[in-house]
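The values are calculated or read from the model by the stated rules, or taken from the named source; none is laboratory data. Remember, predicted model here, so these are calculated numbers, not experimental data. As a convention, Cβ positions derive from the backbone with ideal geometry for all residues, glycine included, and neighbour counts pool all protein chains shown.
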Amino acid sequence: MWLRGVRPGLLTWVRGARPRILNHGTVTIGRRFRADGLRARIELGALTDAELIIGDDVYLNGGVSAIASVRIEIGDHTRIGDHTMLLDSDIHEVEQGAEVRRGPIRIGRNVWIARNCTVLPGVEIGDHSVVAAGSVVTRSVPPRTLVAGVPARPVRELRADDDWVRS
């Protein structure tokens, strides 16, 4: 069931439409969460026995979709661009007789995922990394790495002190 409202205090800044939250599992949202649903509504949630964990100071742009079927974890100070999808399941079998691929997604601290990206099951994106616009992340990304493309490939290493936070 989609909840139209959100408990008071859960969202600290919302522009446009409030996120839709599907909560049949566990949804945890940290402090100072910001959501910009002005152009497109954000969808968040967890299916039965699944977890969606959003850290502190996370910003989601319009059209972001993160519905956990296993576990999706978004680290503190992370920014996610318009129309990005976090998919911890293929949702249905790809071919006859094949199992549905499932795997947790972990997005580290201070990560920037640009517009129109897709993150697939079992991927971990390391702290301070950047995913370029339009990328499809099929494999884990080391910390402090810029990746781009379909499928996403490392472009270069990034400089970032452990305590640095994107503004």
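Some points to look at:
- Residue in the range 28-38 that is over 19 Å from THR138 (Cα atoms), of a type in the set (Ser, Thr, Tyr), without any contact (Cβ under 8 Å) to a residue 40 or more places away in the chain and not in a strand (DSSP E or B) present: no
- Members of the range 1-44 found to be hydrophobic (A, V, I, L, M, F, W, C), surrounded by fewer than 17 Cβ atoms within 10 Å (Cβ to Cβ) and at pLDDT 70 or above, listed by number: TRP13, ALA17, LEU38, ALA40
- With respect to the conditions (1) modelled with pLDDT under 95; (2) crowded, with 17+ Cβ neighbours inside 10 Å; (3) hydrophobic (A, V, I, L, M, F, W, C), VAL70 lacks only one, and its number is (1).
- Among the residues of the range 72-81, some residue qualifies, meaning at least one is closer than 19 Å to PRO19 by Cβ and either among the hydroxyl-bearing types (Ser, Thr, Tyr) or in contact with a helix residue (DSSP H, G or I) (Cβ under 8 Å, 6 or more places away or on another chain) (or both).
- Meets criteria (under 24 Å from GLY25 (Cβ atoms) and at pLDDT below 95) for VAL100: yes
- Taking the conditions (1) at positive phi; (2) hydrophobic (A, V, I, L, M, F, W, C); (3) at pLDDT 95 or above in turn, LEU86 satisfies each one other than (1).
- Taking the range 133-167 as the range and being touching a His at 6+ places or on another chain (Cβ under 9 Å) and assigned to a strand (DSSP E or B) as the test, only THR145 passes.
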